[in-house]
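Peer 1: Sharing a structure with you now.
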Amino acid sequence: MASGAAEWVSCARCRELTYGRRFERDLRVCPGCGAHSRLTAWQRIGQLLDAGSVRQLEQPVVAEDPLGFVDSRPYPERLRQAREQTGTEEAVVCVTGTLMGHPVVAAVMDFRFLGGSLGVGVGEAIAVAAETALRARSPLIIVTASGGARMQEGAFSLMQMVKTSQALAELDEAGIFTISIISDPTYGGVAASFATLGDVILAEPGARIGFAGPRVIEQTIQADLPKGFQTAEFLLARGLVDAVVPRSALRPTIACLLDAQAPAQPSTATGAGEGLVRDPGELPEREPGQVVETARHQQRPTALDYMNQLLDNFQELRGDRMSGDCPAIVGGLGRFDGRPVIVLGHQKGRDTTERVQRNFGMALPEGYRKAARLMRLAVKLGLPIVTLVDTPGAHPGIGAEERGQAWAIAENIRLMSGLPVPIVAVITGEGGSGGALALAVADRVLACSGAMYSVISPEGCAAILWKDRSAAPMAAAALQLGARDLLRHEIVDAVVPEPEGGAHRDPVAAAELLRAALSETLREVVAISPDDLVAQRRRRFRRYGVEMPRCI
């Protein structure tokens, strides 16, 4: 945005004139086209943190001109000018404060200071901010705006990428939550270090993010760049950021994330024993065809239906940070009955359009890798994991195979076998083969009474063994895939009752029955030590087919 008349500003993108006071009130976002104008470090701090809570950290003393660098002017002269123009000592301002009551440490970059470039002063300030967060055990919020490393400091600038990355690694090791907010632009050494290492990465609309800038790429490889290249929206679709959040929503979104990982509060859960069926004899025998029909019913509650009803402050997180964001698996942070949890689930969709968009709940490799990323976040923060399984199986496509479907599933099974946090898996609908198992290696495995769980679909089994897909009912009976048989064979630990006729008849009531079941089960598993959790989980899966389960 460029200033027009004294009380008016003109949008650099759409040229719409906006009254200056409104522009500031709207956090410097154009009301016409939504373009996000740059904020100074102190404007950003004022937007995010609670008034009166901010205390600035002292700027570290560093060697300011390690090379004696001179281009058209001596580097010290450039530094003096930048300080006079911005009123800050460096391209980052680091503070402590609160965000909607949550204590935080914040490091906020200012693009006006030599293009927000990463030099020794910035690197040292980020490291000090991380050390402050470590001592206080407070979350660290980093807001980036940078053209890259500071050329005038040569290799000393390059080394700051390691310094800042190490600082965030120490926070990882200590279980300190980190959030990156990427504003326009964030490039080079900043993008390739601390900017993209947060547990959660949020980006402002239209923010440009990358290592090499578009001009460098075009001139180097002589290629035309795709539309929207390196924008926040472009990278969201490729699994590299968790969410694109308008500036007006940043503060409540961050507060939601901070609240979701805060210590557990007293539970309001129902009393023990109210939510589970543990005796197969208490479950009715059902025709195999009815079991399959109920488990696949298109109106059964989805993972997002359950998450939205059962969780407070649920914040969906997206992307595997490698190649994509599979819409067939959803997950994020939330609070269940006062307890912070990570929840993951297969999402089939509510109607034909959504089902197609979500591949009918059949996950791609990036979906399993997203799940693995969120499970590792659960370990870092010490949070229980709840998974909601409802899938015909992993996606059987060429692209999925090219991107390593088997590898992704195998990695999740191995990962879940050794996670030192409680895991509860619920088969809520259709539990199909390895695509389901990749989210179901757990300390407690539950099945909704209308669910099914099998090594293969009845149709697939019939086609292979009977050479006739019409023999699917016989295959379903032989596979013993309904909740009663699963409990009888101890494949699941307990069954969650459903409303009469199935969960699709009353989704709200079904969710409340699941709430009671999860409350009881989580109370059991959170009391177990991490070492015992892993040992018991591994024994559980080691015994299948060796120790014969009960039969009724």
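The values are calculated or read from the model by the stated rules, or taken from the named source; none is laboratory data. It should be emphasised that the depicted structure is a prediction, and the values quoted were computed from it without experimental measurement. Cβ sites come from the backbone with ideal geometry, for glycine too, and all protein chains shown count toward neighbours. Accessible surface areas use protein heavy atoms only, side chains included; no ligands, DNA or RNA. Shrake-Rupley method; radii C 1.70, N 1.55, O 1.52, S 1.80 Å.
Peer 1: Take the residues in region 12-38 that are touching a Phe, Trp or Tyr at 6+ places or on another chain (Cβ under 9 Å) and closer than 24 Å to L114 by Cα, then tell me which one is modelled with the highest pLDDT.
Peer 2: For region 12-38, the residue satisfying everything is R38.
Peer 1: Looking only at region 49-70, which residues are more than 18 Å from A107 (Cβ to Cβ), acidic (D, E) and open to solvent by 70 Å² or more (accessible area, probe 1.4 Å)?
Peer 2: First, the residues of region 49-70 that are more than 18 Å from A107 (Cβ to Cβ): 51-52, 63-70.
Filter once more, so that each one left must be acidic (D, E): 64-65.
If the condition is that a residue be more than 18 Å from A107 (Cβ to Cβ), acidic (D, E) and open to solvent by 70 Å² or more (accessible area, probe 1.4 Å), then E64 is the only one that fits.
Peer 1: Does R38 fit the bill of being closer than 30 Å to G154 by Cα, open to solvent by 90 Å² or more (accessible area, probe 1.4 Å) and not hydrophobic (A, V, I, L, M, F, W, C)? Break it down into steps so the answer makes sense when it comes.
Peer 2: Working: closer than 30 Å to G154 by Cα: yes; open to solvent by 90 Å² or more (accessible area, probe 1.4 Å): yes; not hydrophobic (A, V, I, L, M, F, W, C): yes.
Here the answer is yes, as R38 does meet what is asked.
Peer 1: May I pose another question? Can you name every residue in region 238-249 that is under 30 Å from P365 (Cα atoms) and surrounded by 14 or more Cβ atoms within 10 Å (Cβ to Cβ)?
Peer 2: R238, G239, L240, V241, D242, A243, V244, V245
Peer 1: For residues in region 202-212 being free of Cβ contacts under 8 Å to residues at least 60 places away in the same chain and open to solvent by less than 60 Å² (accessible area, probe 1.4 Å), which is nearest to the chain's Cα centre (by Cα)? Break it down into steps so the answer makes sense when it comes.
Peer 2: Filtering region 202-212 down to residues free of Cβ contacts under 8 Å to residues at least 60 places away in the same chain leaves 202-203, 208-212.
Next, from what is left, pick out any that are open to solvent by less than 60 Å² (accessible area, probe 1.4 Å): 202-203, 209-210, 212.
Numbers: L202: 10, A203: 13, I209: 19, G210: 20, A212: 26 Å.
Result: L202.
Peer 1: Kindly indicate whether G345 is under 28 Å from P499 (Cα atoms) and surrounded by fewer than 23 Cβ atoms within 10 Å (Cβ to Cβ).
Peer 2: Values: under 28 Å from P499 (Cα atoms): yes; surrounded by fewer than 23 Cβ atoms within 10 Å (Cβ to Cβ): no.
When the stated conditions are applied, G345 does not pass them.
Peer 1: Does at least one position in region 452-473 carry a residue that is in a helix (DSSP H, G or I) and under 18 Å from A425 (Cβ atoms)? Can you show your working first?
Peer 2: From region 452-473, those in a helix (DSSP H, G or I) are 458-466, 469-473; that's our starting set.
Of the ones still in play, those that are also under 18 Å from A425 (Cβ atoms) are none.
No, the conditions are met nowhere in region 452-473.
Peer 1: Shifting gears a bit: Filter region 98-115 for residues that are open to solvent by less than 10 Å² (accessible area, probe 1.4 Å) and within 27 Å of L257 (Cα to Cα) and give the result. Reasoning before the result, please.
Peer 2: In the first step, residues of region 98-115 are kept if they are open to solvent by less than 10 Å² (accessible area, probe 1.4 Å); the result is 99, 104-110, 113.
L99, V104, V105, A106, A107, V108, M109, D110 - these are the residues of region 98-115 that are open to solvent by less than 10 Å² (accessible area, probe 1.4 Å) and within 27 Å of L257 (Cα to Cα).
Peer 1: Can I ask one more? Determine whether V92 is free of Cβ contacts under 8 Å to residues at least 12 places away in the same chain and of a type in the set (A, V, I, L, M).
Peer 2: On the way: free of Cβ contacts under 8 Å to residues at least 12 places away in the same chain: no; of a type in the set (A, V, I, L, M): yes.
Spelling it out, it is not the case that V92 is free of Cβ contacts under 8 Å to residues at least 12 places away in the same chain and of a type in the set (A, V, I, L, M).
Peer 1: Going by the conditions given, is P226 touching a Pro at 6+ places or on another chain (Cβ under 9 Å), over 24 Å from G432 (Cα atoms) and surrounded by fewer than 17 Cβ atoms within 10 Å (Cβ to Cβ)?
Peer 2: On the way: touching a Pro at 6+ places or on another chain (Cβ under 9 Å): no; over 24 Å from G432 (Cα atoms): yes; surrounded by fewer than 17 Cβ atoms within 10 Å (Cβ to Cβ): yes.
For P226, the condition - touching a Pro at 6+ places or on another chain (Cβ under 9 Å), over 24 Å from G432 (Cα atoms) and surrounded by fewer than 17 Cβ atoms within 10 Å (Cβ to Cβ) - is not met.
Peer 1: Right, here's the next one. Just give me the residues in region 330-342 being among the basic types (K, R) and either more than 27 Å from L383 (Cα to Cα) or open to solvent by less than 40 Å² (accessible area, probe 1.4 Å) (or both), in sequence order. Show your work before the answer.
Peer 2: Step one: filter region 330-342 for residues among the basic types (K, R), giving 335, 339.
Answer for region 330-342, where residues must be among the basic types (K, R) and either more than 27 Å from L383 (Cα to Cα) or open to solvent by less than 40 Å² (accessible area, probe 1.4 Å) (or both): just R335.
Peer 1: Condition first: in contact (Cβ under 8 Å) with a residue 40 or more places away in the chain and not hydrophobic (A, V, I, L, M, F, W, C). Now tell me which residues in region 29-57 satisfy that. Step through it out loud before you land on a result.
Peer 2: Our first condition is that a residue be in contact (Cβ under 8 Å) with a residue 40 or more places away in the chain; within region 29-57, this holds for 29, 34-36, 38-42, 44-45, 47-50, 53-55, 57.
Answer for region 29-57, where residues must be in contact (Cβ under 8 Å) with a residue 40 or more places away in the chain and not hydrophobic (A, V, I, L, M, F, W, C): G34, H36, R38, T40, R44, Q47, D50, S53, R55.
Peer 1: Here is a follow-up. Scan region 381-415 residue by residue and report those that are hydrophobic (A, V, I, L, M, F, W, C) and more than 19 Å from R358 (Cα to Cα). Lay out the reasoning, then the answer.
Peer 2: The initial filter retains those residues of region 381-415 that are hydrophobic (A, V, I, L, M, F, W, C), namely 381, 383, 385-386, 388-389, 394, 398, 400, 406-410, 413, 415.
Once the filter is applied, which keeps residues that are hydrophobic (A, V, I, L, M, F, W, C) and more than 19 Å from R358 (Cα to Cα), region 381-415 yields L381, L383, I385, V386, A406, W407, A410, I413, L415.
Each row is one residue, and each column tells you yes or no for (1) among the acidic types (D, E); (2) touching a Gly at 6+ places or on another chain (Cβ under 9 Å); (3) at pLDDT 95 or above; (4) open to solvent by less than 10 Å² (accessible area, probe 1.4 Å).
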{"residue": "A136", "(1), (2), (3), (4)": "no, no, yes, no"}
{"residue": "S157", "(1), (2), (3), (4)": "no, yes, yes, yes"}
{"residue": "M161", "(1), (2), (3), (4)": "no, yes, yes, no"}
{"residue": "L171", "(1), (2), (3), (4)": "no, no, yes, yes"}
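Peer 1: Pick out the one residue from G228, G271 that is at pLDDT below 95, in contact with a helix residue (DSSP H, G or I) (Cβ under 8 Å, 6 or more places away or on another chain) and part of a loop (DSSP other than H, G, I, E, B).
Peer 2: Details: G271 fails: in contact with a helix residue (DSSP H, G or I) (Cβ under 8 Å, 6 or more places away or on another chain).
G228 is the lone residue from the list that is at pLDDT below 95, in contact with a helix residue (DSSP H, G or I) (Cβ under 8 Å, 6 or more places away or on another chain) and part of a loop (DSSP other than H, G, I, E, B).
Peer 1: Of all residues in region 292-324 being open to solvent by less than 30 Å² (accessible area, probe 1.4 Å) and not in a helix (DSSP H, G or I), which is farthest from G361 (Cα to Cα)?
Peer 2: Only one residue fits best here, namely L311.
Peer 1: With the structure loaded, tell me whether G434 is over 30 Å from R137 (Cβ atoms), of a type outside the set (A, V, I, L, M, F, W, C) and surrounded by fewer than 24 Cβ atoms within 10 Å (Cβ to Cβ) or whether it fails that test. Working first, answer last.
Peer 2: Numbers: over 30 Å from R137 (Cβ atoms): yes; of a type outside the set (A, V, I, L, M, F, W, C): yes; surrounded by fewer than 24 Cβ atoms within 10 Å (Cβ to Cβ): yes.
Answer is yes for this residue.
Peer 1: Only one of (1) open to solvent by 50 Å² or more (accessible area, probe 1.4 Å); (2) within 26 Å of A127 (Cα to Cα); (3) free of Cβ contacts under 8 Å to residues at least 60 places away in the same chain; (4) not basic (K, R) fails for E218. Which number is that?
Peer 2: Every listed condition holds for E218 apart from (2).
Peer 1: Across region 71-86, what is the total count of residues that are touching a residue at least 12 places away in the same chain (Cβ under 8 Å) and either open to solvent by less than 10 Å² (accessible area, probe 1.4 Å) or assigned to a loop (DSSP other than H, G, I, E, B) (or both)?
Peer 2: 4
Peer 1: How many residues are of a type outside the set (S, T, N, Q) and in contact (Cβ under 8 Å) with a residue 40 or more places away in the chain if we restrict to region 457-473? Talk me through it step by step, then tell me what you get.
Peer 2: In the first step, residues of region 457-473 are kept if they are of a type outside the set (S, T, N, Q); the result is 458-469, 471-473.
Going one step further and asking which of them are in contact (Cβ under 8 Å) with a residue 40 or more places away in the chain, we end up with 458, 472-473.
Final tally of qualifying residues: 3.
Peer 1: Something else: So, in region 360-381, exactly how many residues are at positive phi and touching a helix residue (DSSP H, G or I) at 6+ places or on another chain (Cβ under 9 Å)? Give the derivation first.
Peer 2: Filtering region 360-381 for residues at positive phi gives 360-361.
Those still in the list that are touching a helix residue (DSSP H, G or I) at 6+ places or on another chain (Cβ under 9 Å) too: 361.
Number of matching residues: 1.
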